[in-house]
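Here, each number is a calculation from the coordinates, and none is a lab measurement. Everything numeric in this text was worked out from a predicted model, so none of it was measured. Reconstructed Cβ throughout: ideal geometry from the backbone, glycine too, with neighbour counts over all protein chains shown.
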């Protein structure tokens, strides 16, 4: 299983003081040294953390995969087409949200999604759609010609009781198996932590996890490279189980 490290919150710290440190590109290089499989970053329309220059610098410098999380906004799509990350993950975006809330409604926005998927793929950008573990959304994702989906694990991460956790994990397992049967690559992410990652990492059909906040939070105390190493260790232990 691959691990993509989301470094958005390095930029969040910088933007809190509107200064020039810490630099997200340096975090990307440290993640690369720690054997992360990819760097994930979200260029939001409101530029609350990652800025345009960060995206261009990271793409130029790192040797591992750059996964750009992006909305369907025309300006952001244009930047993606110019930067040409190895992968683009289309996500929903609400200006008032603290973080991404729920998956992209591919069914409702199918026409726009299909158009953007085609535009990105013409630039040889691999496209993934961030969706809830819902069969209708998986079907629509397949029809849009996206190559992959990333299952939103937020409901699982936020579940409080054992029964709720079990229910949400079952939804993820069923969705992953169904998407894989359709020929889609299956990834997962959102709200995953050192405490809850193993049950998701055990799901055979899921081949990549994208994790940000928990790793950055841990890195405050033990450093980024060690935080990434610990997360990789948990994922590997789950896969070897």
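Once divided by 2.2 N^0.38 Å, the Cα radius of gyration of segment 28-150 becomes 1.03.
Sorting 80-86, 165-171, 66-72 by average packing, meaning the other beta carbons within 10 Å per residue, from highest down gives 66-72, 80-86, 165-171. Quick note on segment 85-156: its Rg to Rh ratio, both from C-alpha atoms and Rh being the Kirkwood radius, is 0.96. Going by neighbour counts of Cβ atoms within 10 Å, the residues 109, 164 line up, fewest first, as 164, 109. The orientation-averaged shadow of the Cα convex hull for segment 1-75, equal to a quarter of the hull surface, comes to 5.1 nm². Using a Gaussian network model of the chain with C-alpha springs under 10 Å, which one of 47, 229, 17 is most mobile by mean-square fluctuation? Of 47, 229, 17, the Gaussian network model singles out 17 as fluctuating most.
Relative to the compact-globule estimate of 2.2 N^0.38 Å, the Cα radius of gyration of segment 2-240 comes out at 0.95. Under the classification rounded if a/c is under 1.5, otherwise prolate if a/b is larger than b/c and oblate if not, where does segment 154-202 fall, given a ≥ b ≥ c as square roots of the Cα gyration tensor eigenvalues? Taking the square roots of the gyration eigenvalues as a ≥ b ≥ c, segment 154-202 is prolate. Relative contact order of the chain: 19 percent, from C-alpha pairs under 8 Å at least 6 residues apart in sequence. Calculated FRET efficiency, residue 181 to residue 121, Cβ-Cβ distance, R0 = 22 Å: about 0.50 to the nearest 0.05.
Mean sequence separation of contacting Cα pairs (under 8 Å, at least six apart), scaled by the length of segment 75-155, corresponds to a relative contact order of 33 percent. Comparing 179, 217, 27 in a Gaussian network model of the chain, where Cα atoms under 10 Å apart are tied by springs, the biggest mean-square fluctuation is seen for 217.
When 3, 35 are sorted by how many other C-beta atoms sit within 10 angstrom of their C-beta, beginning with the fewest, the order is 35, 3.
Structure remark: mean-square fluctuation, Gaussian network model of the chain, C-alpha springs under 10 Å; the largest value among 106, 220, 117 belongs to 220. When the square roots of the Cα gyration tensor eigenvalues are ordered a ≥ b ≥ c, the ratio a/c for segment 188-228 is 1.5 or more and a/b exceeds b/c, which makes its shape prolate.
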